[in-house]
Amino acid sequence: MNGQEGTLAVDTDVLVIGGGPAGSTVAALLAKKGWRVTLFEKDRHPRFHIGESLLPQNLPLLDQLGVREQVETSSMTKYGIEFVSPFHGKKVQYEFAKAWGRRLPYAFQVQRSSFDHILLQNAAQSGAQVYEDCEVKSVELNSGASPAVVSEDADGHQRHWTAKFIVDATGRDTLLAAKLGAKEQNQRNKSAAIFAHFTGARRLLGKAEGHITIVWFDEGWFWFIPLAGDTTSVGAVCSPEFLKTRKTDLTSFFYSIIDMSPEIAERLQDATMVGKVTATGNYSYKSSVTSGPNFLMVGDASSFIDPVFSTGVYLAMRGGFSAAEAVDTCLRYPERSKKALKRYDVSIRHAVGAFTWFIYRIRQPAMRNLFMSPRNTWRMEEAVLSLLAGGISEGWQVSLRLYLFRAMYYATKFSRFLRGARKSPSSVA
């Protein structure tokens with residue numbers, strides 16, 4: 001997919017920087033609305049990316065983009081989640097079919113190289129001008145005037161662009177957040193990850209084969225994500241401090257972490273690693289600014305939270321829909337821009353916030369106890385499953401039960417505290 005050749009200066013309506021799920025989504029939607037959209041992607045698709053597990057609420061978004069059938073043919077169907085706790089000596093499975101409303105009983109596990117390529121192609125087919133192997137070298141927002149961008153292709157040729165609006169979808173590169181000094185590390189959830197792909201891993205049987213498995217261990221938790229074919233994504237999430245204890249090469253270090261979990265080690269006993277081991281440092285962050293008079297940030301460019309509930313792609317695509325609506329309003333009705341961008345900011349912060357309470361506590365013994373002791377008291381289990389499926393706006397009945405679940409968490413935590421307080425005098429004696 002190539003753009004206009006030999007052009008030194010180009011004017012467009014919307015410049016989208018980044019061709020991941022967020023950027024491709026917003027580009028496709030705005031192009032369909034009739035805007036001149038230009039998208040820059042610094043790599044060439046298909047390319048490797050982590051974050052392979054979708055949520056059931058992704059499916060309506062894929063339907064609206066018209067790509068669900070393409071995605072389904074290259075994916076593994078995911079009907080639920082398995083939690084494995086060595087602290088409890090058992091495993092528990094939850095199925096999305098039992099979530100509140102029971103509307104979306106499954107999701108997909110995807111090879112991100114294929115999935116992202118489908119979305120990028122869809123953006124081009126929808127009318128966006130897509131440039132791959134093209135990196136943005138500079139951005140000037142020019143408040144009150146047209147933003148200016150300099151891009152450079154793989155051959156080193158530069159072009160100068162002006163646009164009415166800039167959409168930052170650069171993911172963890174956080175182009176505009178870094179430029180504005182707005183990127184803030186999440187002090188409540190400091191995490192690092194180390195991961196790789198394997199073939200020949202032992203999976204669950206039958207309908208549960210596509211379940212994502214979360215396995216707790218002393219230093220954090222593992223993900224185990226079966227992909228189409230025989231590839232399985234396996235990663236460990238732990239503290240950055242633990243990752244810094246590495247004294248061997250990365251591959252040996254990863255295998256030593258795998259050995260810390262009998263469950264994961266057994267599943268990978270006859271498996272072969274394909275590709276290389278990758279590690280990433282403290283990655284939970286947010287931008288204190290999400291938009292301005294002629295720009296906005298979408299997906300991971302605005303924030304990223306712990307991947308324990310597989311929210312990354314869902315929040316990116318959901319944000320893409322919200323971003324497209326905001327940008328369209330700003331361009332058509334400039335007098336409504338402030339309100340449109342405020343709605344956008346509230347929307348994406350609400351979406352992230354819906355998951356963070358659970359994420360901040362997922363390693364706490366009280367939370368593990370609740371997940372490992374399923375009971376649908378007052379339909380709380382259905383409400384939590386609805387949230388884990390991506391249902392962050394399911395109405396007051398779900399919201400009420402999520403508050404009840406929080407109350408149960410605090411009661412469980414307080415009960416553990418009291419038991420510990422009763423034991424401490426005898427232990428001292």
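Any residue that is polar (S, T, N, Q) and either outside any strand (DSSP E or B) or touching a Cys at 6+ places or on another chain (Cβ under 8 Å) (or both) - is there at least one of those in region 12-31? Checked against the condition, which is being polar (S, T, N, Q) and either outside any strand (DSSP E or B) or touching a Cys at 6+ places or on another chain (Cβ under 8 Å) (or both), region 12-31 yields at least one hit.
Looking across region 154-211, the residues that are at positive phi and in contact (Cβ under 8 Å) with a residue 60 or more places away in the chain come down to G171, T174, G200. Right, M273: touching a Phe, Trp or Tyr at 6+ places or on another chain (Cβ under 6 Å), in a loop (DSSP other than H, G, I, E, B) and not assigned by TED's automatic domain parsing to the domain that holds A323 or not? Here the answer is no, as M273 does not meet what is asked.
Residue-by-condition table, conditions (1) of a type outside the set (K, R); (2) farther than 20 Å from A351 by Cα; (3) touching a residue at least 40 places away in the same chain (Cβ under 8 Å); (4) surrounded by fewer than 17 Cβ atoms within 10 Å (Cβ to Cβ):
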site: L227; (1), (2), (3), (4): yes, yes, yes, no
site: K244; (1), (2), (3), (4): no, yes, no, yes
site: P262; (1), (2), (3), (4): yes, yes, yes, yes
site: V274; (1), (2), (3), (4): yes, yes, yes, yes
site: G281; (1), (2), (3), (4): yes, yes, yes, yes
site: K286; (1), (2), (3), (4): no, no, yes, no
site: L296; (1), (2), (3), (4): yes, no, yes, no
site: G299; (1), (2), (3), (4): yes, no, yes, no
site: S302; (1), (2), (3), (4): yes, no, yes, no
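Check region 32-53 and report whether any residue there is in a helix (DSSP H, G or I), surrounded by 23 or more Cβ atoms within 10 Å (Cβ to Cβ) and touching a residue at least 40 places away in the same chain (Cβ under 8 Å). No, that holds for no residue.
Checked against the criteria, V289 does not count as of a type outside the set (F, W, Y) and in contact with a Gly (Cβ under 7 Å, 6 or more places away or on another chain). If the condition is being of a type in the set (V, I, T), under 24 Å from the mean Cα position of the chain (by Cα) and part of a helix (DSSP H, G or I), then region 389-420 contributes only V398. In region 162-212, the qualifying residues are those that are loosely packed, with under 15 Cβ neighbours inside 10 Å and in contact with a helix residue (DSSP H, G or I) (Cβ under 8 Å, 6 or more places away or on another chain), and the one that is modelled with the highest pLDDT is R202. Counting the residues of region 169-189 that are under 21 Å from S310 (Cα atoms) and more than 16 Å from the chain's Cα centre (by Cα) gives 3. Checking every residue in region 290-307 against the condition of being among the β-branched types (V, I, T), in a helix (DSSP H, G or I) and out of contact with any Cys (no Cβ under 6 Å at 6 or more places or on another chain) gives zero matches.
The values are calculated or read from the model by the stated rules, or taken from the named source; none is laboratory data. Keep in mind that what you see is a predicted model, and the values were worked out from it rather than measured. Note: ideal-geometry Cβ built from the backbone for every residue, glycine included; neighbour counts use all protein chains shown.
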